[in-house]
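To start, the structure under review is shown below, and the notes come after it.
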Amino acid sequence: GLRARTCHEGWAVPLPPRARPATVPRMAPVRVLAVDDQPIFLRTLRQLIAAAPGFELAGEAQSGAEALDLAARLRPDLVLLDVRMPDMDGVETARRLLAADARAAVVLISLDPLPDHQAVLDLGVAGFVRKQELSVRRLQDAWEARHVGADVRHRA
């Protein structure tokens, strides 16, 4: 029931409800699709995502075609995508992913440097990271860079 206090004239005044402890709204985790044709690198990506606060593995794919199918079903926030894969390489996969779902951030990963870095970035990918340099910090930086760019585009 309502708590009340009696004023000096004798009538009741409802008290404000007790303040609830302030809770920090929990952000939904960044859902990541990991794509690499080599199981050892998929395992590395799985461990990296597990170690990154605020990120969770949404799914894994071992080919471009599988990545496109999973991305359509899972709608990940972020796709970590190997550049060198048989059948459909990461650049073509990224092109198709972004055409199908422009809100997904795609980060290309490779052991080798990109031959034409600017052309790849012009596709609309969020970034490129060498596999040797993958870390929780690089993952967070790639996500933040994508967020800043998206916020600027939405305001335009």
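Structure values in brief
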| item | result |
| --- | --- |
| Solvent exposure ordering (accessible area, 1.4 Å, most first) of GLU144, GLU60 | GLU144, GLU60 |
| Cα-centre dipole for region 23-113 with unit charges at Cβ (Lys and Arg positive, Asp and Glu negative), debye to 20 | 440 debye |
| Computed label-point distance, nm, for sites MET88 and ALA102 using a 7 Å Cα→Cβ extension | 2.0 nm |
| Order of exposure, largest accessible area first, which applies to THR93, THR44 with probe 1.4 Å | THR44, THR93 |
| Prolate/oblate/rounded label for region 72-150 (Cα gyration tensor, a/c 1.5) | rounded |
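The values are calculated or read from the model by the stated rules, or taken from the named source; none is laboratory data. Note that the structure is predicted; figures quoted are calculated from it, not measured. No Cβ is skipped: glycine too gets one built from the backbone with ideal geometry, and neighbour counts run over all protein chains shown. We work out accessible area using only protein heavy atoms, side chains counted, and drop any ligands, DNA or RNA first. Shrake-Rupley method; radii C 1.70, N 1.55, O 1.52, S 1.80 Å.
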